[in-house]
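First comes the structure, then the notes that go with it.
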Amino acid sequence: MRPLEGLMVLDFSQFLAGPSAAMRLADLGARVIKVERPDGGDLCRRLYISNLELDGDSTLFHSINRNKESYSANLKDPVDRKKIEQLIEKADVMIENFRPGIMKKLGLDFDKVQALNPRLVYASVTGYGKEGPWVTKPGQDLLAQSLSGLTWLTGNADSNPTPMGIAVADLFTGAHCVQGILACLVRRAVTGKGGYIEVNLMESILDLQFEVLTTHLNDGGKRPQRCEVNNAHAYLGAPYGVYATSDGYLSLAMGEVPHLGRLLNCSALEKYTDCKTWFTHRDEIKSVLVEHLKLETTAYWLAILDPADIWCAEVMSWEKLLEHEGFKSLDFIQTIHRENGVSISTTRCPIRVDGVILKSPQGSPKIGEHNLKIQQEFKL
């Protein structure tokens, strides 16, 4: 039995943050009903990555809406809204990510919903919260990354501001949403009352930076200093970075520079005995490593560094990763299916419960696919 079996979640959200939270709750055993508008459903159905489509929907939609049922309803229609209210009365969790004020106009804001179901845990996902000058700004991942200062941490010192290559603000917001929901469910088990969770992209992406932002707040407000050579962390010294070898790339994490020099037979590194120089002279040190490491293959260096317990790794492509025994041992890929037989390969839930890997073959739903079933079951 999965931890959240017996709980019902109504997912009113679109795109990534909210749906990823609902997906994780489904992975953990909750029944998730995705509430969508009849004319097109979740806009993420048409948010394509590399124009890749499967069975009429984007692969992005498939990947982030597995394990869900779909109930289509026009929330502006009084008849449909009454049916939704009946579902809300029976639900344990509700997730929405409409722009601030929209749910109130629809009569489905927290105060209204709490009157229908005091035990409900209600989660709202926004871009920037419900107050301040950014309230009306689109809650989009790249915009949140840009506003948050995150883009000044990636890339070399002479690079333009560089965003992360995935929707990191959305996905961390989804994770924070799940944390808040689970906390309120624990509290509900004690008090019998639900709760109201609010998360937003901006606060989540700021929280992701808590280590470096704390440093900035306490070092006199110094601007992050990205390395000129092989930057991997603006606040860490050499050798931290990714280096080209004769046939690929090698990453080096923290380590003692003179010791590394002896292991690599690179005498130029042995003079940096003062650990403070590993930061103050990091570009100088990294430049030495750049020239030295490209003389041999990645495997050659790993054969020296791994036995010496140096924190290092080969930089793999996805093709090489998927063929590696280390990845295969994780059993991290699953195949999910729609009821019409269409299947897609995707990742599984990264959480193991009581030693059990959580997989499920249920794929994403078609718009309104489960309307009849849900209406009959709940007598809507």
In segment 331-380, which residues are closer than 28 Å to ASP80 by Cβ, surrounded by fewer than 11 Cβ atoms within 10 Å (Cβ to Cβ) and of a type in the set (A, V, I, L, M)?
LEU372
Screening TYR300, TYR243 for residues that are in contact with a helix residue (DSSP H, G or I) (Cβ under 7 Å, 6 or more places away or on another chain) and under 22 Å from LYS320 (Cα atoms) leaves only TYR243
Please verify whether GLY149 is surrounded by fewer than 18 Cβ atoms within 10 Å (Cβ to Cβ), more than 21 Å from the chain's Cα centre (by Cα) and either at pLDDT 95 or above or in the same structural domain as ASP92 (by TED's automatic domain parsing) (or both), treating the condition exactly as stated.
no
Please go through (1) closer than 30 Å to PRO361 by Cβ; (2) assigned to a helix (DSSP H, G or I) for LEU260 and return the number of the only condition it doesn't satisfy.
(1)
Checked pairs for segment 46-58, first without any contact (Cβ under 8 Å) to a residue 40 or more places away in the chain, second aliphatic (A, V, I, L, M), C-beta under 9 Å and 6 or more apart or across chains, list as LEU47/LEU16; LEU47/LEU60; TYR48/LEU60; ILE49/LEU60; LEU52/LEU60; SER58/LEU47; SER58/ILE49; SER58/LEU52
Go through SER72, SER58, SER20 for me and flag whichever is under 24 Å from MET1 (Cα atoms) and either surrounded by fewer than 18 Cβ atoms within 10 Å (Cβ to Cβ) or assigned by TED's automatic domain parsing to the domain that holds HIS370 (or both).
SER20
Test set (1) polar (S, T, N, Q); (2) in a loop (DSSP other than H, G, I, E, B); (3) within 30 Å of GLY129 (Cα to Cα) - SER204 fails condition number:
(2)
Taking the stated definitions as given, is ARG262 surrounded by fewer than 18 Cβ atoms within 10 Å (Cβ to Cβ), touching a residue at least 24 places away in the same chain (Cβ under 8 Å), among the basic types (Lys, Arg) and outside the structural domain of PRO161 (by TED's automatic domain parsing)?
no
Residues of segment 88-119 satisfying the condition of being under 25 Å from PRO138 (Cα atoms), part of a loop (DSSP other than H, G, I, E, B) and not charged (D, E, K, R)
ASN97, PHE98, PRO100, GLY101, LEU106, GLY107, LEU108
Subset of segment 233-254 (residues that are under 22 Å from THR273 (Cα atoms) and assigned to a loop (DSSP other than H, G, I, E, B)):
HIS233, ALA234, TYR235, LEU236, GLY237, ALA238, PRO239, TYR240, ALA253, MET254
Out of the residues in segment 189-225 meeting the condition of being closer than 21 Å to ILE95 by Cα and among the hydrophobic types (A, V, I, L, M, F, W, C), tell me which one is surrounded by the fewest Cβ atoms within 10 Å (Cβ to Cβ).
ALA189
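The values are calculated or read from the model by the stated rules, or taken from the named source; none is laboratory data. None of these values were measured; they are calculated from a predicted model. Virtual Cβ from ideal backbone geometry, glycine too; neighbours counted across all protein chains shown.
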